[in-house]
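The values are calculated or read from the model by the stated rules, or taken from the named source; none is laboratory data. Model, not experiment: these values are computed from the prediction. Heads up, the Cβs are rebuilt from the backbone with ideal geometry, glycines too, and the neighbour counts pull from every protein chain shown. Surface areas here come from the heavy atoms of the whole protein model, side chains and all, with no ligands, DNA or RNA. Shrake-Rupley method; radii C 1.70, N 1.55, O 1.52, S 1.80 Å.
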Amino acid sequence: MTDFLTRRRIGAASLGLALALPALRRPLAAETVLRLSTNLPPSHPLNQRLMEAATAIGQRSDGKLELRLFPANQLGADTDVLSQLRSGAVQMMTLSGLILSTLVPVASLNGVGFAFPDYPTVWRAMDGALGAFLRGEIAKAGLTPMTRIWDNGFRQITSAAKPVEKPEDLANFKIRVPVSPLWTSLFRAFGAAPASINFAETYSALQTRLVDGQENPLPVIETARLYEVQKFCAMTNHMWDGFWLLANRRAFAGLTTGQQEMVQQELDAAALREREDLATLSTALETTLSARGLRFNTPDPAPFRQKLQQAGFYEQWKTRYGAEAWGQLEAAVGKLG
């Protein structure tokens, strides 16, 4: 873990230097430049692995093809960059399926509450038939997704007053959620009071007790220092999310067949390495956050799933996604409702 964190620090410094002094990173003008936007900080494993892939792509193309990385929303917020991607102003981006669902409704299918019990199930599904189905739907919107989805982690619930151990603990619980019907619907099914708040305002909302808690993967809880304003963390794994690496169809089709295959190979290999990185990081973060005072518990997911069934959550979303999409999900994870 120490070596990995060291690579992250070195990589972050290198990325910052490359962005500040582009001439040092690009001594020769490439024939084709692919601008790639992400919403994560340079130190995140996703950006570190993308930088490695960018280096490999430059070397394998003899400098003719350049993957130019723009982390931390440098080119705009996700929805803005998605518009740029569709127009061709940006050639590639990483995007959560939950946000992509504004364009491709079924793209949020992987975020259905308590659908995935563990990572082996996630990767069998997303690298298998479910992932292929979702990529097909994304392609219909004029975008070209890479084969491997990148990990953004399982989401956990933090709270200030008491731990969340069973569904009843969420009754009347004021929880910050992203602006998304899926999140709002999920927590309303538990009798909670979800509040859609931009992430930039989450810390202050927790600090002032505008809300009692929030939900995010552990790396986000750590980097945003949410442990300073929360006491408990329930490892609910209530939702899994990943990042699709998307390309503008015209830009990707403009590459030679050999370049397309090479870019796909390097980016997919980098995605697999990022998955390993995030698994290692999440395990270490539980220890780190415990040392900072966050108290962890691991609730039984069965009562939560049963509550969602009783509340009609699964039937509601089966109707919204459609029988074909829902059938793909249940084929991967089992009967939901």
Considering only region 192-214, I want to know if a residue exists there that is in contact with a Ser or Thr (Cβ under 9 Å, 6 or more places away or on another chain), open to solvent by less than 10 Å² (accessible area, probe 1.4 Å), closer than 30 Å to VAL333 by Cβ and assigned to a strand (DSSP E or B). yes
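Considering only residues of region 28-40 that are over 17 Å from TRP244 (Cα atoms) and not in a strand (DSSP E or B), which is least open to solvent (accessible area, probe 1.4 Å)?
ALA30
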How do the pairs read when you match residues in region 217-245 that are on the phi > 0 side of the Ramachandran plot with residues anywhere that are assigned to a strand (DSSP E or B), using Cβ under 9 Å and keeping only pairs 6 or more apart or on different chains? ASN237/PHE154; ASN237/ARG155; ASN237/GLN156
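Counting just the residues of region 230-267 that are among the β-branched types (Val, Ile, Thr) and surrounded by 19 or more Cβ atoms within 10 Å (Cβ to Cβ), which one comes out farthest from ALA141 (Cα to Cα)?
THR236
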Any idea how many residues of region 233-269 are farther than 21 Å from ASN110 by Cα and either assigned to a strand (DSSP E or B) or in contact with an Asp or Glu (Cβ under 8 Å, 6 or more places away or on another chain) (or both)? 2
Residue pairs, Cβ under 8 Å, 6 or more apart or interchain, first in region 48-63 and part of a helix (DSSP H, G or I), second open to solvent by 20 Å² or more (accessible area, probe 1.4 Å) and among the basic types (Lys, Arg). List them. GLN48/ARG7; GLN48/ARG8; ARG49/ARG273; GLU52/ARG273; ALA54/ARG68
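So that you can scan it fast, the table gives a plain yes or no per residue for (1) in contact with a helix residue (DSSP H, G or I) (Cβ under 8 Å, 6 or more places away or on another chain); (2) of a type in the set (A, V, I, L, M):
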{"position": "ALA270", "(1), (2)": "yes, yes"}
{"position": "ASP277", "(1), (2)": "yes, no"}
{"position": "GLY293", "(1), (2)": "yes, no"}
{"position": "LYS307", "(1), (2)": "yes, no"}
{"position": "ALA311", "(1), (2)": "yes, yes"}
{"position": "ALA325", "(1), (2)": "yes, yes"}
{"position": "GLU330", "(1), (2)": "no, no"}
Just to be sure before I move on: is PHE296 hydrophobic (A, V, I, L, M, F, W, C), closer than 30 Å to PRO145 by Cβ and touching a strand residue (DSSP E or B) at 6+ places or on another chain (Cβ under 9 Å) in the structure I sent? no
Inspect region 88-107 for any residue being more than 30 Å from ARG305 (Cα to Cα), free of Cβ contacts under 8 Å to residues at least 60 places away in the same chain and open to solvent by 10 Å² or more (accessible area, probe 1.4 Å) and give the result as yes or no. yes
So is GLU286 assigned to a helix (DSSP H, G or I), closer than 29 Å to HIS44 by Cβ and either open to solvent by 30 Å² or more (accessible area, probe 1.4 Å) or not basic (Lys, Arg) (or both) or not? yes
Could you tell me which numbered condition SER196 fails, if it satisfies all but one of (1) within 19 Å of SER159 (Cβ to Cβ); (2) modelled with pLDDT of 95 or more? (2)
How many residues of region 204-227 are modelled with pLDDT of 95 or more and in contact with a Lys or Arg (Cβ under 8 Å, 6 or more places away or on another chain)? The answer is 9
Out of all the residues in region 138-145, is one or more within 28 Å of LYS231 (Cβ to Cβ) and under 19 Å from the mean Cα position of the chain (by Cα)? no
With criteria (1) among the hydroxyl-bearing types (Ser, Thr, Tyr); (2) over 17 Å from GLY327 (Cβ atoms); (3) in contact with a helix residue (DSSP H, G or I) (Cβ under 7 Å, 6 or more places away or on another chain), SER108 comes up short on (2)
Among the residues in region 120-138, are any acidic (Asp, Glu), surrounded by fewer than 15 Cβ atoms within 10 Å (Cβ to Cβ) and in a helix (DSSP H, G or I)? no
